[in-house]
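Engineer: Here it is, the structure, as C-alpha coordinates.
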Amino acid sequence: MRRLPPLNALRVFEVAARTGSYAAAGVELGLTHGAVSRQIAALETWLGQRLFVRAGRRMTATPAARAFAEEVSSSFDRMSMAAEACGRPSARRILRVNAPTTLAMRWLIPRLDRFHAERPDVEVAVTTATTLHDELRGGFDLAIRRGMAEPSMWPQYRAVHFLDEADTLIASPALLEHMPLRQLADIANHILLSSETRPGDWTGWLERAGVPQSAEQRRRVFDHFFVTLQAVADGLGIGVGPLPVLQADLATGRLVTPFPTILVPRTGYVALIPFDANKTSSLKAFMDWLVAEARG
(Lines give C-alpha, C1' and ligand atoms only; values in the text may rest on other atoms or scores of the structure.)
Protein backbone atom coordinates (compact mmCIF):
# COMPACT_ATOMS: atom_id res chain seq x y z
CA MET A 1 0.00 0.00 0.00
CA ARG A 2 1.12 3.54 -0.77
CA ARG A 3 2.00 5.65 2.23
CA LEU A 4 0.30 8.91 1.21
CA PRO A 5 0.25 12.17 3.16
CA PRO A 6 -3.20 13.54 4.13
CA LEU A 7 -4.72 14.61 0.82
CA ASN A 8 -6.79 17.49 2.17
CA ALA A 9 -3.69 18.91 3.86
CA LEU A 10 -1.82 18.54 0.56
CA ARG A 11 -4.52 20.54 -1.22
CA VAL A 12 -4.34 23.35 1.34
CA PHE A 13 -0.52 23.31 1.24
CA GLU A 14 -0.43 23.58 -2.57
CA VAL A 15 -2.70 26.63 -2.55
CA ALA A 16 -0.80 28.31 0.31
CA ALA A 17 2.55 27.80 -1.45
CA ARG A 18 1.16 28.99 -4.79
CA THR A 19 -0.58 32.11 -3.46
CA GLY A 20 2.21 32.95 -1.03
CA SER A 21 0.14 33.37 2.13
CA TYR A 22 -2.23 31.60 4.48
CA ALA A 23 -4.75 34.43 4.10
CA ALA A 24 -4.85 34.15 0.30
CA ALA A 25 -5.17 30.37 0.57
CA GLY A 26 -8.10 30.83 2.93
CA VAL A 27 -9.83 33.15 0.46
CA GLU A 28 -9.38 30.71 -2.42
CA LEU A 29 -10.49 27.66 -0.43
CA GLY A 30 -13.16 29.29 1.69
CA LEU A 31 -11.32 28.47 4.93
CA THR A 32 -10.33 30.52 7.95
CA HIS A 33 -6.71 31.42 8.58
CA GLY A 34 -6.73 29.02 11.53
CA ALA A 35 -8.05 26.13 9.42
CA VAL A 36 -5.29 26.66 6.86
CA SER A 37 -2.69 26.78 9.64
CA ARG A 38 -3.95 23.51 11.13
CA GLN A 39 -3.81 21.68 7.81
CA ILE A 40 -0.26 22.91 7.16
CA ALA A 41 0.75 21.83 10.67
CA ALA A 42 -0.72 18.36 10.08
CA LEU A 43 1.30 17.97 6.89
CA GLU A 44 4.48 19.22 8.58
CA THR A 45 3.95 16.63 11.32
CA TRP A 46 3.50 13.87 8.73
CA LEU A 47 6.64 14.95 6.85
CA GLY A 48 8.67 15.66 9.96
CA GLN A 49 9.89 19.06 8.79
CA ARG A 50 8.81 22.68 8.51
CA LEU A 51 7.22 23.81 5.27
CA PHE A 52 6.66 27.48 6.13
CA VAL A 53 8.72 29.93 8.16
CA ARG A 54 7.75 33.34 9.46
CA ALA A 55 9.00 36.36 7.49
CA GLY A 56 7.76 39.50 9.20
CA ARG A 57 4.00 39.13 9.56
CA ARG A 58 3.68 36.43 6.89
CA MET A 59 4.39 32.73 6.65
CA THR A 60 6.47 31.93 3.56
CA ALA A 61 7.29 28.57 2.01
CA THR A 62 10.82 27.20 2.39
CA PRO A 63 12.79 26.41 -0.80
CA ALA A 64 12.17 22.70 -0.26
CA ALA A 65 8.44 23.37 0.24
CA ARG A 66 8.23 25.37 -3.00
CA ALA A 67 9.81 22.51 -4.94
CA PHE A 68 7.45 20.05 -3.23
CA ALA A 69 4.46 22.27 -4.05
CA GLU A 70 5.35 22.26 -7.77
CA GLU A 71 5.33 18.46 -7.76
CA VAL A 72 2.04 18.37 -5.85
CA SER A 73 0.47 20.88 -8.27
CA SER A 74 1.58 18.84 -11.28
CA SER A 75 0.17 15.72 -9.67
CA PHE A 76 -3.18 17.42 -9.09
CA ASP A 77 -3.24 18.54 -12.73
CA ARG A 78 -2.59 14.98 -13.90
CA MET A 79 -5.31 13.66 -11.58
CA SER A 80 -7.76 16.22 -12.96
CA MET A 81 -7.00 15.30 -16.56
CA ALA A 82 -7.19 11.59 -15.77
CA ALA A 83 -10.56 12.06 -14.10
CA GLU A 84 -11.82 14.02 -17.10
CA ALA A 85 -10.58 11.30 -19.47
CA CYS A 86 -12.45 8.68 -17.47
CA GLY A 87 -15.72 10.56 -17.88
CA ARG A 88 -18.27 9.78 -20.56
CA PRO A 89 -16.28 10.16 -23.81
CA SER A 90 -19.36 11.15 -25.83
CA ALA A 91 -20.49 13.86 -23.42
CA ARG A 92 -19.83 17.43 -24.52
CA ARG A 93 -18.11 19.67 -22.00
CA ILE A 94 -19.75 23.06 -21.48
CA LEU A 95 -17.36 25.95 -20.92
CA ARG A 96 -19.01 29.10 -19.57
CA VAL A 97 -17.38 32.37 -20.68
CA ASN A 98 -18.48 35.85 -19.58
CA ALA A 99 -17.30 38.83 -21.66
CA PRO A 100 -18.12 42.51 -22.32
CA THR A 101 -20.91 42.77 -24.89
CA THR A 102 -19.03 44.48 -27.72
CA LEU A 103 -15.98 42.24 -27.39
CA ALA A 104 -18.22 39.17 -27.34
CA MET A 105 -20.26 40.28 -30.39
CA ARG A 106 -17.53 41.74 -32.58
CA TRP A 107 -14.42 39.69 -31.66
CA LEU A 108 -15.04 36.52 -29.63
CA ILE A 109 -18.20 34.94 -31.04
CA PRO A 110 -17.22 35.31 -34.74
CA ARG A 111 -14.05 33.32 -33.95
CA LEU A 112 -15.61 30.50 -31.93
CA ASP A 113 -16.08 28.20 -34.92
CA ARG A 114 -12.30 27.90 -35.10
CA PHE A 115 -12.14 26.73 -31.48
CA HIS A 116 -15.02 24.30 -31.99
CA ALA A 117 -13.20 22.86 -35.00
CA GLU A 118 -10.21 22.13 -32.74
CA ARG A 119 -12.29 20.90 -29.81
CA PRO A 120 -15.66 19.58 -31.03
CA ASP A 121 -16.16 17.98 -27.60
CA VAL A 122 -16.43 21.42 -25.96
CA GLU A 123 -19.41 23.78 -26.17
CA VAL A 124 -18.57 27.40 -25.31
CA ALA A 125 -21.55 29.19 -23.75
CA VAL A 126 -21.04 32.98 -23.84
CA THR A 127 -22.82 35.41 -21.54
CA THR A 128 -22.26 39.15 -21.72
CA ALA A 129 -21.58 42.02 -19.34
CA THR A 130 -23.04 45.39 -20.31
CA THR A 131 -20.07 47.31 -18.89
CA LEU A 132 -16.40 46.45 -18.67
CA HIS A 133 -16.48 46.75 -14.89
CA ASP A 134 -19.52 44.63 -14.05
CA GLU A 135 -18.97 42.78 -10.81
CA LEU A 136 -17.36 39.38 -11.17
CA ARG A 137 -19.89 36.97 -9.80
CA GLY A 138 -20.26 33.23 -10.09
CA GLY A 139 -21.65 31.35 -13.06
CA PHE A 140 -18.62 31.22 -15.34
CA ASP A 141 -15.44 29.22 -15.85
CA LEU A 142 -13.59 32.14 -17.44
CA ALA A 143 -14.32 35.86 -17.52
CA ILE A 144 -12.89 38.55 -19.78
CA ARG A 145 -12.44 42.08 -18.49
CA ARG A 146 -10.43 45.16 -19.36
CA GLY A 147 -7.45 45.60 -17.06
CA MET A 148 -3.87 44.72 -16.27
CA ALA A 149 -2.81 41.21 -15.30
CA GLU A 150 -1.75 42.36 -11.85
CA PRO A 151 -2.48 39.92 -8.97
CA SER A 152 -3.47 42.84 -6.75
CA MET A 153 -6.27 43.77 -9.18
CA TRP A 154 -7.75 40.26 -9.26
CA PRO A 155 -6.93 38.63 -5.89
CA GLN A 156 -9.25 35.66 -6.40
CA TYR A 157 -8.38 34.95 -10.02
CA ARG A 158 -5.53 33.89 -12.24
CA ALA A 159 -5.25 36.76 -14.73
CA VAL A 160 -3.71 36.34 -18.20
CA HIS A 161 -3.33 39.33 -20.54
CA PHE A 162 -4.26 38.33 -24.09
CA LEU A 163 -5.41 41.33 -26.16
CA ASP A 164 -4.11 44.88 -26.64
CA GLU A 165 -6.44 47.62 -27.83
CA ALA A 166 -6.19 51.05 -29.46
CA ASP A 167 -8.89 53.56 -30.40
CA THR A 168 -9.24 55.21 -33.80
CA LEU A 169 -11.86 57.24 -35.64
CA ILE A 170 -14.53 55.11 -37.38
CA ALA A 171 -17.21 56.01 -39.91
CA SER A 172 -19.67 54.56 -42.39
CA PRO A 173 -18.45 54.52 -46.03
CA ALA A 174 -21.88 55.73 -47.13
CA LEU A 175 -21.64 58.76 -44.85
CA LEU A 176 -18.20 59.72 -46.18
CA GLU A 177 -19.42 59.57 -49.78
CA HIS A 178 -21.40 62.79 -49.31
CA MET A 179 -19.51 64.21 -46.29
CA PRO A 180 -15.83 63.34 -46.86
CA LEU A 181 -13.17 63.35 -44.16
CA ARG A 182 -10.11 64.29 -46.20
CA GLN A 183 -8.47 66.36 -43.47
CA LEU A 184 -8.86 66.76 -39.72
CA ALA A 185 -10.65 70.11 -40.12
CA ASP A 186 -13.54 68.24 -41.80
CA ILE A 187 -14.46 66.70 -38.43
CA ALA A 188 -16.22 69.97 -37.59
CA ASN A 189 -18.85 69.13 -40.23
CA HIS A 190 -19.86 65.87 -38.56
CA ILE A 191 -21.87 64.75 -35.54
CA LEU A 192 -19.70 63.06 -32.90
CA LEU A 193 -21.29 59.88 -31.53
CA SER A 194 -20.19 58.66 -28.10
CA SER A 195 -21.18 56.29 -25.28
CA GLU A 196 -21.79 56.67 -21.58
CA THR A 197 -19.77 53.47 -21.03
CA ARG A 198 -16.73 54.95 -22.83
CA PRO A 199 -16.85 58.64 -21.83
CA GLY A 200 -13.27 59.60 -22.60
CA ASP A 201 -12.99 58.21 -26.13
CA TRP A 202 -13.43 61.47 -28.05
CA THR A 203 -11.37 63.55 -25.62
CA GLY A 204 -8.42 61.17 -25.92
CA TRP A 205 -8.62 60.87 -29.70
CA LEU A 206 -9.00 64.60 -30.39
CA GLU A 207 -6.04 65.35 -28.12
CA ARG A 208 -3.92 62.75 -29.94
CA ALA A 209 -4.99 64.20 -33.29
CA GLY A 210 -4.27 67.76 -32.18
CA VAL A 211 -7.83 68.87 -32.90
CA PRO A 212 -9.24 71.46 -30.46
CA GLN A 213 -12.58 70.58 -28.92
CA SER A 214 -15.40 72.93 -29.81
CA ALA A 215 -18.47 73.68 -27.73
CA GLU A 216 -20.43 74.12 -30.98
CA GLN A 217 -19.61 70.61 -32.21
CA ARG A 218 -22.78 68.55 -32.61
CA ARG A 219 -22.81 65.42 -30.42
CA ARG A 220 -25.07 62.51 -29.57
CA VAL A 221 -24.53 60.21 -26.61
CA PHE A 222 -25.87 56.65 -26.28
CA ASP A 223 -25.90 54.45 -23.20
CA HIS A 224 -23.75 51.56 -24.48
CA PHE A 225 -21.02 51.35 -27.08
CA PHE A 226 -22.72 48.64 -29.13
CA VAL A 227 -25.62 51.08 -29.67
CA THR A 228 -23.17 53.80 -30.70
CA LEU A 229 -21.48 51.36 -33.06
CA GLN A 230 -24.79 50.66 -34.80
CA ALA A 231 -25.44 54.39 -35.11
CA VAL A 232 -22.02 54.86 -36.75
CA ALA A 233 -22.70 51.99 -39.17
CA ASP A 234 -26.06 53.57 -40.02
CA GLY A 235 -24.33 56.85 -40.92
CA LEU A 236 -25.78 58.97 -38.11
CA GLY A 237 -22.35 60.41 -37.31
CA ILE A 238 -18.74 59.44 -36.70
CA GLY A 239 -17.34 57.65 -33.69
CA VAL A 240 -14.24 56.38 -31.96
CA GLY A 241 -13.85 52.61 -31.81
CA PRO A 242 -11.37 49.95 -30.71
CA LEU A 243 -9.01 47.88 -32.81
CA PRO A 244 -8.58 44.96 -33.28
CA VAL A 245 -12.07 44.35 -31.86
CA LEU A 246 -13.65 46.00 -34.93
CA GLN A 247 -11.24 44.52 -37.47
CA ALA A 248 -13.93 42.30 -39.01
CA ASP A 249 -16.14 45.36 -39.61
CA LEU A 250 -13.27 47.02 -41.48
CA ALA A 251 -12.54 43.87 -43.49
CA THR A 252 -16.17 43.63 -44.70
CA GLY A 253 -16.36 47.37 -45.47
CA ARG A 254 -19.07 48.00 -42.89
CA LEU A 255 -16.78 50.63 -41.34
CA VAL A 256 -13.73 52.59 -42.43
CA THR A 257 -10.98 54.40 -40.52
CA PRO A 258 -10.39 57.81 -42.17
CA PHE A 259 -7.22 58.50 -40.14
CA PRO A 260 -5.80 55.03 -39.40
CA THR A 261 -2.43 56.25 -38.13
CA ILE A 262 -3.97 58.26 -35.30
CA LEU A 263 -4.34 55.66 -32.56
CA VAL A 264 -4.90 56.01 -28.82
CA PRO A 265 -3.61 52.98 -26.86
CA ARG A 266 -6.03 51.69 -24.25
CA THR A 267 -5.81 49.20 -21.45
CA GLY A 268 -6.24 45.75 -23.00
CA TYR A 269 -8.13 42.67 -21.89
CA VAL A 270 -7.35 39.89 -19.44
CA ALA A 271 -8.82 36.42 -19.11
CA LEU A 272 -9.72 35.58 -15.51
CA ILE A 273 -9.97 32.07 -14.11
CA PRO A 274 -11.18 31.65 -10.52
CA PHE A 275 -8.56 29.97 -8.36
CA ASP A 276 -11.17 27.45 -7.23
CA ALA A 277 -12.34 26.63 -10.79
CA ASN A 278 -12.19 23.08 -12.07
CA LYS A 279 -9.10 23.46 -14.25
CA THR A 280 -9.92 20.92 -16.93
CA SER A 281 -8.05 20.31 -20.16
CA SER A 282 -10.97 22.03 -21.92
CA LEU A 283 -10.40 25.23 -19.95
CA LYS A 284 -6.65 25.12 -20.60
CA ALA A 285 -7.25 24.53 -24.32
CA PHE A 286 -9.61 27.52 -24.50
CA MET A 287 -7.15 29.77 -22.69
CA ASP A 288 -4.34 28.73 -25.07
CA TRP A 289 -6.63 29.30 -28.05
CA LEU A 290 -7.67 32.73 -26.77
CA VAL A 291 -4.04 33.88 -26.48
CA ALA A 292 -3.19 32.47 -29.94
CA GLU A 293 -6.20 34.20 -31.56
CA ALA A 294 -5.21 37.55 -30.08
CA ARG A 295 -1.70 37.18 -31.47
CA GLY A 296 -3.27 36.67 -34.87
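The values are calculated or read from the model by the stated rules, or taken from the named source; none is laboratory data. Given the structure is predicted, the values throughout are model-derived calculations rather than measurements. When we count neighbours, we look across all protein chains shown, and the Cβ atoms used for this are built from the backbone with ideal geometry, even at glycine.
Conditions (1) assigned to a helix (DSSP H, G or I); (2) outside the structural domain of Phe225 (by TED's automatic domain parsing); (3) not small (Gly, Ala, Ser), marked per residue:
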site: Arg11; (1), (2), (3): yes, yes, yes
site: Glu44; (1), (2), (3): yes, yes, yes
site: Thr60; (1), (2), (3): no, yes, yes
site: Met81; (1), (2), (3): yes, yes, yes
site: Ala99; (1), (2), (3): no, yes, no
site: Thr102; (1), (2), (3): yes, yes, yes
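Engineer: Test Ser37 against the stated conditions and say whether it is assigned to a helix (DSSP H, G or I) and closer than 19 Å to Lys279 by Cα.
Structural biologist: Numbers: assigned to a helix (DSSP H, G or I): yes; closer than 19 Å to Lys279 by Cα: no.
Spelling it out, it is not the case that Ser37 is assigned to a helix (DSSP H, G or I) and closer than 19 Å to Lys279 by Cα.
Engineer: Out of all the residues in region 233-250, which are modelled with pLDDT of 95 or more and among the small types (Gly, Ala, Ser)?
Structural biologist: Ala233, Gly235, Gly237, Gly239, Gly241
Engineer: Turning to a different aspect of this structure: Could you say whether any residue in region 255-277 is among the small types (Gly, Ala, Ser) and free of Cβ contacts under 8 Å to residues at least 40 places away in the same chain?
Structural biologist: no
Engineer: Can you find a residue that is modelled with pLDDT of 90 or more and in contact with a strand residue (DSSP E or B) (Cβ under 7 Å, 6 or more places away or on another chain) anywhere in region 73-96?
Structural biologist: Yes, region 73-96 contains a residue that is modelled with pLDDT of 90 or more and in contact with a strand residue (DSSP E or B) (Cβ under 7 Å, 6 or more places away or on another chain).
Engineer: Output yes when any residue across region 153-174 is part of a helix (DSSP H, G or I) and modelled with pLDDT of 95 or more, and no when none is.
Structural biologist: Within region 153-174, one or more residues are part of a helix (DSSP H, G or I) and modelled with pLDDT of 95 or more.
Engineer: Exactly one condition in (1) aliphatic (A, V, I, L, M); (2) without any contact (Cβ under 8 Å) to a residue 40 or more places away in the chain; (3) surrounded by 12 or more Cβ atoms within 10 Å (Cβ to Cβ) is false for Val53; which is it?
Structural biologist: So the condition that Val53 fails would be (3).
Engineer: Which of the residues spanning region 1-49 are surrounded by fewer than 17 Cβ atoms within 10 Å (Cβ to Cβ) and of a type in the set (Ser, Thr, Tyr)?
Structural biologist: Thr32, Thr45
Engineer: Name the residues in region 162-184 that are farther than 14 Å from Pro260 by Cα, of a type outside the set (Asp, Glu) and without any contact (Cβ under 8 Å) to a residue 12 or more places away in the chain, would you?
Structural biologist: If the condition is that a residue be farther than 14 Å from Pro260 by Cα, of a type outside the set (Asp, Glu) and without any contact (Cβ under 8 Å) to a residue 12 or more places away in the chain, then His178, Met179, Pro180 are the ones that fit.
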